[in-house]
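Notes for the one structure printed next.
All of the numbers you see were taken from the coordinates with simple rules; none came from a lab. Values in this document were obtained by computation on a predicted structure and should not be read as measured data. In this analysis, Cβ positions are derived from the backbone assuming ideal geometry, glycine residues included, and neighbour counts consider all displayed protein chains.
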Amino acid sequence: MSISPEPTVILPSEDHFPAIVEASKDKSLPKFLGENGDRLAEFLSSTGALLFRGFDVQNAYAFDAAVEAYGAENFRYAESLSNAVRVNVTDRVFTANEAPPETAIYLHHEMAQTPIYPSKLFFYCEISPSQGGATPICRSDKLIEHLQKVKPDLLAQFERKGVRYTHTMPPHDDPASGQGRGWRSTLGVESKEAAEDRLAKLGYDCEWHDGETLRVTTPVLDAMRTIADGRRVFFNQLIAAYRGWADDRNDPSRSIAFGDGSAIDAADMATAISLADDLTYDLNWQAGDVALIDNFLVMHGRRPFEGKRRVLASLIA
C-alpha cells in the first residue's frame, strides 16, 4: 500500500525516533490523513509515534480539521478523569496542560491512572517556545524489555498485584499544579454526594479533607498490558505520579502503591526511571508540527520552558 501524495518518510531506527513524515508539494494535512489512514496505522503500530512536519497547519481550527479527517472517534476531555487542567478551544481540541512553564510533566501514558483512557493522542505546536518545552517520548515496549532483564521480580509483582494511585483534588481547578483539576470538573458533578456516588460506581475509595478537598484512591489498575501484536508494554502513570504529583495537597512518595496496598520500593522505581530516561527522545517542536502518538505504546511528558509555548492536544477513543 502506498502513501499519496508521496511525502518524505523517515522511518524509525535505533537512533531515530519518532518517524517523521515531511510534506510534499501538497501541504494539506487533512487531505493527507484522510487518504492514508490505513498506511499510517501501519507506521504507527511499528514506531508508536509519527511527526508530521512542513504541512500547512496554521491554527487550532486547521488542527481540528486534520484530526477530524483522520476519522477516529473523539475522546472528550470534559468526559475524562484526567488530573490535568486544560482549556477547550474546540470540541475536540484543548490545551495540553495549563501548568506553569517551570513545571516538568514526567513520562506517562495518558490517563492510565484511571479506568478510562484514550488509544491515541494528537499534539499540535501552534507556538514553539524560545527555550525548552520539548515533549519527551519513550517506547514502553522497549522499557519493559530492559526491566525484564534487570527487574523481573518487579514486573512479576506488577503483573500479579496491579497498582493503585492516590490523589487529592481541590474543589475547583488549580492551574498552578500539573495535576490540579478540581473534583467538580473531573467528575462532572456539583455536590459532595454526587461526587461520592460517581466514585463508588467507578470503584474508587474517597475521603474528604479540610471540608472541600477530596482524596481518592483508584481501584486496582493494570501496570502492564499486552497490545494487539503480542508485545507487552509498561502501561501506567507510575513514573509521572512518583516523580511529579507534588503540590500543596499531594506528596508524590505516597501517590502509588501495589494493588494490595503494599509499598513499591524506591530503588525499584529509581531503576525504572533511569531506564526510561535512557530510552527517551525529546521531540523539539517547530511551529506547525503535528504528532500522532499511540497511547498504548509510547509514554510522553513535557520539559520546562521559557517564553510562550502553545501546544494543543486532541484525543482519540
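Some notes on this structure:
- Over the chain, relative contact order from alpha-carbon pairs under 8 Å, at least 6 apart, %: 32 percent
- Here K201 is the anchor, and the aspartates and glutamates within straight C-alpha reach of less than 17 Å, apart from those fewer than 8 places off in the same chain, are E79, E190, E193.
- Between the helical axis of 266-278 and the longest alpha-carbon principal axis of the chain there is an angle of about 10 degrees.
- Restricted to Cα atoms, the range 141-276 shows a radius of gyration and a Dmax of 16.2, 49 angstrom.
- For the chain, the 222 nm mean residue ellipticity estimated from helices alone, with every DSSP H stretch of n ≥ 4 adding -39500 (n - 2.57) and the total spread over all residues, rounds to -8000 deg cm²/dmol.
- Each peptide among 128-141, 241-254 gets the average number of other Cβ atoms lying within 10 Å of its residues, and from highest to lowest they stand as 128-141, 241-254.
- Excluding same-chain neighbours fewer than eight residues apart, the lysines reachable from K151 by a Cα-Cα span under 28 Å are K142, K161.
- With semi-axes defined as the square roots of five times the eigenvalues of the C-alpha gyration tensor, the equivalent ellipsoid of the chain measures 32, 23, 18 Å, largest first.
- Taking 27 Å as the straight-line reach from the Cα of K27, the lysines in range (excluding those fewer than 8 positions away in the same chain) are K120, K308.
- The charge dipole of the range 141-276, taken about its Cα centre with unit charges on the Cβ of Lys, Arg, Asp and Glu (plus for the first two, minus for the last two), comes to roughly 520 debye.
- Prolate/oblate/rounded label for the range 55-126 (Cα gyration tensor, a/c 1.5): oblate
- HN-Hα J in Hz across the range 139-151 - Karplus 6.51, -1.76, 1.60, θ = phi - 60°, x for Gly and Pro: 6, 6, 5, 5, 4, 5, 4, 5, 5, 4, 6, 10, 9
- Longest site-free stretch - the chain; sites: GluC sites (Glu not before Pro), DSSP loop, at most 12 other Cβ within 10 Å: 191-317
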